[in-house]
Amino acid sequence: MGTAIKADAVAPWHRRRVRIYDREAPLGYLLLVPTLLILGIFLLYPFLFGIWLSITDSELGNLGNFIGLGNYRFEWRNTDGVFYTAVANTFLYTGVTTVFKLALGLVMALLLNQAFPFRRFVRAALLLPYIIPTVLSYEAWRWMFDPTFSVINWLLVNTHLVAYPGPNWLGVPANAMAALMIVNVWRGTPFYAIAFLAGIQVIPLDLYEAARVDGATRWQQFTNITLPMLRPVLLVVLLLSTILTFADFQGPFVLTNGAPYNSTQLLSIWAYQWGIPGGAIGLGAAISLVLFPLLTLVVAGVLFMLRRPE
Amino acid sequence: MASVARLKMGKPGTGRIVGDKWVGRAIRIYIPLLLLLVVTLFPFYWMAVTSFKSASELFDFSVSPLWVREPTLDWYKHLFTQTNFPHWAFNTAVVATVSTLISLFCSVLAGYSLARLRYRGADSIGWGIFVTYLVPPTLLFLPLTFVIRDLHLFNNLWSLILTYPTFLIPFCTWMLMGFFKSIPRELEEAALVDGATRIQAMFRIAIPLAIPGILAAALFAFTLSWNEFLYSLIFLNDSLVKTIPVGVTQELIHGDEFFWGELMAAALLGSVPVAVLYSFFVDHFVAGMTAGAVKG
């Protein structure tokens, strides 16, 4: 195709050849090749291959035979309801944390939008949980939730908020789920805050001025200007965050790994437990694949809730 | 502005004395901010404090555990002499750097193509790349074990370098599309009229102007790869090739025994590179995080 020909070449027949690359379609496709190659080999192919795995009795490193929907049947019927716990937990975990991240993120953004000393520093500091490697900060949280030497309990007991010895954070089902959610909110809120802050800062100021002239209160300005203008940002942030929370693995894996008694079991962790330590890759794939239609539902839900008002 | 101010002053009940205003600001802004800061930063503080405590002090809650009485560097020494932490740090840096470079190369080209060039299917391919978000690593890691096995990449850093771009490229492409769209088309068109080829216009005009965006994408990609856990947990078993997150969670915990001092020292050190990088480029970071969202 003559790719070696330099564009600077002057001879007219050269120029005619070069012009082929000036038409946008071939160049457009050419530039996509590396991306599509990587995504094809390491994303699309494994995804399709995973669907096939889920209908086989494959084991770790060992391709199995076709067994139809056996894995799904096993997963639904023969696991003492852990499947339903995991599905319910995955929804609960995503739902509750998203509400808190949304509300706290909005508060954080509104605060950061005010003028106060050391604003840049404060903004950088508040974003830290989102930057620091999740696994490492979750180890710190695990230490803070230690059954006997919990600094959180030490603080709570010493400020007389709870009686000695304080809650057993990771050992009791309801507490463990709450702990998981608290840390997820701690880590995820800055992302919402920074996105909202950027959204707030591009809202034209004259909208507020006009509203003020018309006698709108601060709250009215917030509900009638800030919130509607944040809709596009909200859409993107909610989509990204719900998907990532729904499929969250590393945080819950480090903090509770499904314990105690599968009470904090999530689909992602359960799939890992069956697939890697358990060696039943086919079953693991069947479990993780359940995430896909559920994730699509969640995304459709978010899109529906935030659809453009008619 | 002046008329607005006068209107406000004129309304009864809105005129406040200065001290009252300050109290109002404190309640409305400073106290909530302080609370948020304390909750946000406390885990890092606790990480740091723990890493400097001696073994006996770690579990002594009879006096306030919030500061260190006799600081010691023992845990750090131990980390560097008795564990493979230096190897993990090196591996993490290599993987993060190379996978970032690969992802940037792919997504600059793809982002430019999708944002700037007009051809059949561009929109659907753009959507297709966005839809890959619906296929997170949680869904891919089990089938990927077979792909990695067939490529003979187990216990090899290339297993991560090649798989990380699957979640880096969609993010960076999406981010860079936003940046490319914000560059006025006329700049490139002027160059084309002056006889430049499309490729020249892209390399000499669009890409240089998108450098802030490329930098932001690079930061994101580097941070995401530095933090990645699931793939490295599964593809690497040999202690010498592990990355920091996996090495720390697997090798610094022995059964039920937690060496919290060492663990927190490692967590702190593992966090420093991204924290430093980020504190230098926080504005780029924020710009990148929101480019797609705001310009959408």
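Under a 10 Å cutoff between Cα atoms, tell me which one of B:A89, B:A266, B:A122 has the largest fluctuation in the Gaussian network model of chain B.
Highest fluctuation of the listed residues: B:A122.
Accessible area drop of at least 30 Å² (1.4 Å probe, protein heavy atoms): which residues of region A:261-304 qualify, relative to the chain alone?
For region A:261-304, once contacts with the other chains are taken into account, A:Y272, A:I276, A:I281, A:S288, A:F292, A:L295 lose 30 Å² or more.
For region A:92-246, what class follows from the C-alpha gyration tensor (a ≥ b ≥ c being the square roots of its eigenvalues): rounded when a/c is under 1.5, otherwise prolate if a/b is larger than b/c, else oblate?
In terms of gyration-tensor shape, prolate.
With springs connecting C-alpha atoms under 10 Å apart, model chain B as a Gaussian network and identify which of B:L230, B:L41, B:L162 has the largest mean-square fluctuation.
B:L41
Let me make sure I get this right: for the protein assembly as shown, a, b and c are the square roots of the gyration tensor eigenvalues over alpha carbons, sorted descending. Under 1.5 in a/c it's rounded, otherwise prolate if a/b > b/c, else oblate. Which is it?
Note, shape of the protein assembly as shown comes out oblate.
A:T56's amide H: which non-local residues (gap 5+, or another chain) put their own amide H closer than 5 Å, with H modeled 1.01 Å from N in plane and none for Pro or chain starts?
For A:T56, the qualifying residues are A:I67.
For chain A, set up a GNM with springs between Cα atoms under 10 Å and report which of A:A109, A:A210, A:A195 has the largest fluctuation.
The residue with the greatest mean-square fluctuation here is A:A210.
Over chain A, what per residue volume does the convex hull of the Cα atoms give, in whole Å³?
258 Å³
What longest region of chain A stays clear of trypsin sites (Lys or Arg not before Pro) that DSSP places outside H, G, I, E and B and that have at most 10 other Cβ atoms within 10 Å?
The longest such stretch corresponds to A:7-306.
Please go through region B:91-187 and write out the trypsin sites (Lys or Arg not before Pro) that DSSP classes as loop and that have at most 15 other C-beta atoms within 10 Å.
Qualifying residues, ordered by number: B:R118, B:R120.
How many lysine pairs in the protein assembly as shown, separated by 8 or more positions in sequence or lying on different chains, have Cα atoms less than 17 Å apart?
4
Per residue, how many Å² of accessible area does the protein assembly as shown show with a 1.4 Å probe?
It amounts to 46 Å² per residue over the protein assembly as shown.
Of all accessible surface on region B:142-296 at a 1.4 Å probe, what whole percent is carbon and sulfur?
So the carbon and sulfur contribution to the accessible surface is 64 percent.
Cα centroids of region A:126-149 and region A:61-116: how far apart, whole angstrom?
Cα centres, region A:126-149 to region A:61-116: 20 Å.
Within chain A, what's the longest run with no chymotrypsin sites (Phe, Trp or Tyr not before Pro) in a DSSP loop and at most 12 other beta-carbon atoms within 10 Å? Give the range, please.
Longest run free of exposed loop sites: A:119-260.
Could you tell me which helices of chain A pass both thresholds, a Cα extent of 20 Å or more along their own axis and a mean Kyte-Doolittle hydropathy of at least -1.0, with helices taken as whole DSSP H runs?
A:24-39, A:82-112, A:173-201, A:231-246, A:281-305
Counting each DSSP H run of 4 or more residues in chain B as -39500 (n - 2.57), what helix-only mean residue ellipticity at 222 nm follows after dividing by all residues, to the nearest 500 deg cm²/dmol?
Counting only the DSSP helices, I get -21500 deg cm²/dmol.
Need one number: buried accessible surface between chains B and A, 1.4 Å probe, both sides summed, DNA, RNA and ligands left out, in Å² to 100.
The B and A chains share an interface burying roughly 9200 Å².
Compare the Cα positions of B:P32, B:L134, B:A191 along the charge dipole of chain B (+1 at Cβ of Lys, Arg; -1 at Cβ of Asp, Glu; about the Cα centre) and return the one farthest towards the positive end.
B:A191
Would you please give the FRET efficiency between A:D214 and A:A115, computed as 1/(1 + (r/R0)^6) with r the Cβ-Cβ distance and R0 = 25 Å, to the nearest 0.05?
Given R0 = 25 Å and the Cβ-Cβ separation, E is 0.55.
Could you put A:I287, B:I205 in order of accessible surface area, largest first, with the 1.4 Å probe and the full protein assembly present?
The residues order as B:I205, A:I287, largest area first.
Quick one: dipole size for chain A, taken about the Cα centre, charges +1 on Lys/Arg Cβ and -1 on Asp/Glu Cβ, in debye to the nearest 20.
Using only the charged Cβ atoms, the result is roughly 960 debye.
Might you work out the accessible area of B:D283 for me, using a 1.4 Å probe with all protein chains in place, and round it to the nearest 10 Å²?
About 70 Å², ignoring ligands and nucleic acids.
Among the residues of region B:228-253, which ones have their accessible area go down by 50 Å² or more when all the protein chains sit together, as opposed to their chain alone (1.4 Å probe)?
The answer is B:F229.
Roughly speaking, to the nearest percent, how much of chain A's 1.4 Å accessible area is carbon and sulfur?
Carbon and sulfur atoms account for 67 percent of the accessible area of chain A.
Can you sort A:M229, A:M181 by solvent-accessible area, 1.4 Å probe, largest first?
Largest accessible area first, the residues go A:M229, A:M181.
Please get the size of the charge dipole for the protein assembly as shown, origin at its Cα centre, with Cβ charges of +1 on Lys and Arg and -1 on Asp and Glu, quoted in debye to the nearest 20.
It works out to roughly 2360 debye.
The values are calculated or read from the model by the stated rules, or taken from the named source; none is laboratory data. As the structure is a computational prediction, the values presented were derived from the model and not from experiment. Backbone-built Cβ (ideal geometry, glycine too); neighbour counts: all protein chains shown. What goes into the accessible areas is simple: the full protein's heavy atoms, side chains included, and nothing from ligands, DNA or RNA. Shrake-Rupley method; radii C 1.70, N 1.55, O 1.52, S 1.80 Å.
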